[in-house]
Amino acid sequence: MFERFTRQCRDAVTLALAEAGRRGDRKVGTGHLLYGTLHDPEAARALGAGAEDVRRIEDRLDRDALAAVGVDLQDFGPLAPAVGALHLPLTPGAKTALKRALGHAVQEKSRTIGTRHLLSALRECAGTEPAAVILDRLHGREGS
Amino acid sequence: MGIEDPANEPLDIDPETGLRAATALRRLAERVEATHVAAARRAGWSWEQIGAALGVTRQSIHAKYGKADHHV
């Protein structure tokens, strides 16, 4: 499947992997894929938001959740980004999203899978799937 | 902080926030580790010493942080 990815879409997956490592996650999930996808200006324009917005929302969600269990991030002082393993596996949700992206390309009779197909697949995430949680926040459906 | 069974006590945190806190703590632990592995290297610790302190092998800690070591 990956050989059919456009360069931008490959970059999105590479960036997703790096972001998962930097955040200290053990798997590459749909939130990381969304972050990677939005580096493509075309995808960012289509959604009306960029990769930095994804980071900001993720950081905010972490900070609030930690505060709820009594952990104040500020107590830790400056922290380096995490260093992930070279190869991180995909979460089940991320695998589904990539399969759906392929499905969208096939439906369009497109020979290649682009960030547009991946973004459509990520927008189909629902419930507690990370991409859905981030997109809900982006669209202000759940307050700030 | 003791280890208690909260099963009979009502939690005032919703599951979404509580589960997010669990994954956020893992991420935080990774960042604390990265920060202090770099500090230990600057202080002249060997990979052997760092691995022993973290309860992992020298090889696994070097594989994880060895590459980053060049630019810290």
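The values are calculated or read from the model by the stated rules, or taken from the named source; none is laboratory data. On a predicted model such as this, the values are computed, not experimentally measured, just so you know. All Cβ positions, glycine included, derive from the backbone under ideal geometry; neighbour counts span all protein chains shown.
List pairs: first residue in region A:128-144 and under 16 Å from A:GLY48 (Cα atoms), second residue of a type in the set (S, T, N, Q) and at pLDDT 85 or above anywhere in the structure, Cβ distance under 7 angstrom, at least six positions apart or on different chains.
As it stands, the answer is A:ALA131/A:THR30, since those pairs meet every condition given.
Which pairs have Cβ atoms under 6 Å, sit 6 or more apart or on different chains, and link a residue in region A:111-122 that is free of Cβ contacts under 8 Å to residues at least 40 places away in the same chain to one that is surrounded by 24 or more Cβ atoms within 10 Å (Cβ to Cβ) and assigned to a helix (DSSP H, G or I)?
Listed by first residue and then by second, the contacts come to A:ALA121/A:ALA97; A:ALA121/A:ALA101.
From the list A:ARG45, A:ARG22, A:ARG56, A:ARG26, which one is out of contact with any Phe, Trp or Tyr (no Cβ under 9 Å at 6 or more places or on another chain), within 20 Å of A:LEU86 (Cα to Cα), assigned to a helix (DSSP H, G or I) and charged (D, E, K, R)?
Working: A:ARG45 fails: within 20 Å of A:LEU86 (Cα to Cα); A:ARG56 fails: within 20 Å of A:LEU86 (Cα to Cα); A:ARG26 fails: assigned to a helix (DSSP H, G or I).
So the residue among A:ARG45, A:ARG22, A:ARG56, A:ARG26 that is out of contact with any Phe, Trp or Tyr (no Cβ under 9 Å at 6 or more places or on another chain), within 20 Å of A:LEU86 (Cα to Cα), assigned to a helix (DSSP H, G or I) and charged (D, E, K, R) is A:ARG22.
Give me a count of the residues in region A:29-42 that are surrounded by fewer than 24 Cβ atoms within 10 Å (Cβ to Cβ) and assigned to a helix (DSSP H, G or I).
Residues in region A:29-42 being surrounded by fewer than 24 Cβ atoms within 10 Å (Cβ to Cβ) and assigned to a helix (DSSP H, G or I): 2 in total.
Pull up region A:129-144, narrow it to residues that are of a type outside the set (Gly, Ala, Ser) and assigned to a loop (DSSP other than H, G, I, E, B), then point me to the one that is nearest to the chain's Cα centre (by Cα).
Applying the first criterion (of a type outside the set (Gly, Ala, Ser)) to region A:129-144 yields A:129-130, A:133-139, A:141-142.
With the extra rule that they be assigned to a loop (DSSP other than H, G, I, E, B), the set shrinks to A:129, A:139, A:142.
Working: A:GLU129: 10, A:HIS139: 16, A:GLU142: 18 Å.
The qualifying residue nearest to the chain's Cα centre (by Cα) is A:GLU129.
Among the residues of region A:96-128 satisfying the criterion of being of a type in the set (D, E, K, R) and not in a helix (DSSP H, G or I), which is farthest from A:HIS32 (Cα to Cα)?
Going residue by residue through region A:96-128, those that are of a type in the set (D, E, K, R) are A:99-100, A:108-109, A:111, A:116, A:123-124.
When the remaining residues are screened for being not in a helix (DSSP H, G or I), the result is A:108-109, A:111, A:124.
Values: A:GLU108: 25, A:LYS109: 27, A:ARG111: 25, A:GLU124: 15 Å.
In this case the residue turns out to be A:LYS109.
Those residues that are away from chain B (no Cβ under 14 Å), within 22 Å of B:ALA21 (Cα to Cα) and without any contact (Cβ under 8 Å) to a residue 40 or more places away in the chain, I need them from region A:39-73; list them, please. Step through it out loud before you land on a result.
We begin by selecting, within region A:39-73, every residue away from chain B (no Cβ under 14 Å); these are A:39-54, A:56.
After this cut, where a residue has to be within 22 Å of B:ALA21 (Cα to Cα) as well, the list is A:52-54, A:56.
If the condition is that a residue be away from chain B (no Cβ under 14 Å), within 22 Å of B:ALA21 (Cα to Cα) and without any contact (Cβ under 8 Å) to a residue 40 or more places away in the chain, then A:GLU52, A:ARG56 are the ones that fit.
Which residues, counting only those in region B:1-23, are more than 9 Å from chain A (Cβ to nearest Cβ), of a type in the set (Gly, Ala, Ser) and closer than 27 Å to A:GLN74 by Cα?
Selection gives B:GLY2 alone.
Let's see how each residue does on (1) under 23 Å from A:THR14 (Cα atoms); (2) surrounded by fewer than 21 Cβ atoms within 10 Å (Cβ to Cβ); (3) at pLDDT below 95; (4) of a type in the set (Gly, Ala, Ser):
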residue	(1), (2), (3), (4)
A:ALA94	yes, no, no, yes
A:ILE113	yes, no, no, no
A:HIS117	yes, no, no, no
A:GLU124	yes, yes, no, no
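Somewhere in region A:76-95, is a residue more than 10 Å from chain B (Cβ to nearest Cβ), part of a helix (DSSP H, G or I) and in contact with a strand residue (DSSP E or B) (Cβ under 6 Å, 6 or more places away or on another chain)? Please lay out each step first, then the result.
Of all residues in region A:76-95, those more than 10 Å from chain B (Cβ to nearest Cβ) come to A:87-95.
Narrowing the set further to residues that are part of a helix (DSSP H, G or I) leaves A:92-95.
Add one more test, that the residue is in contact with a strand residue (DSSP E or B) (Cβ under 6 Å, 6 or more places away or on another chain), and what stays is A:94.
For region A:76-95, residues more than 10 Å from chain B (Cβ to nearest Cβ), part of a helix (DSSP H, G or I) and in contact with a strand residue (DSSP E or B) (Cβ under 6 Å, 6 or more places away or on another chain): present.
Here is a list: A:GLY29, A:GLY36. Which entry is within 14 Å of another protein chain (Cβ to nearest Cβ) and under 14 Å from A:LEU118 (Cα atoms)?
Answer to the selection: A:GLY29.
Please state which one of B:ARG42, B:ARG26 is at the interface with chain A (Cβ under 9 Å from one of its Cβ atoms), out of contact with any helix residue (DSSP H, G or I) (no Cβ under 9 Å at 6 or more places or on another chain) and at pLDDT 95 or above.
Values: B:ARG42 fails: at the interface with chain A (Cβ under 9 Å from one of its Cβ atoms).
Of the residues listed, the single one that is at the interface with chain A (Cβ under 9 Å from one of its Cβ atoms), out of contact with any helix residue (DSSP H, G or I) (no Cβ under 9 Å at 6 or more places or on another chain) and at pLDDT 95 or above is B:ARG26.
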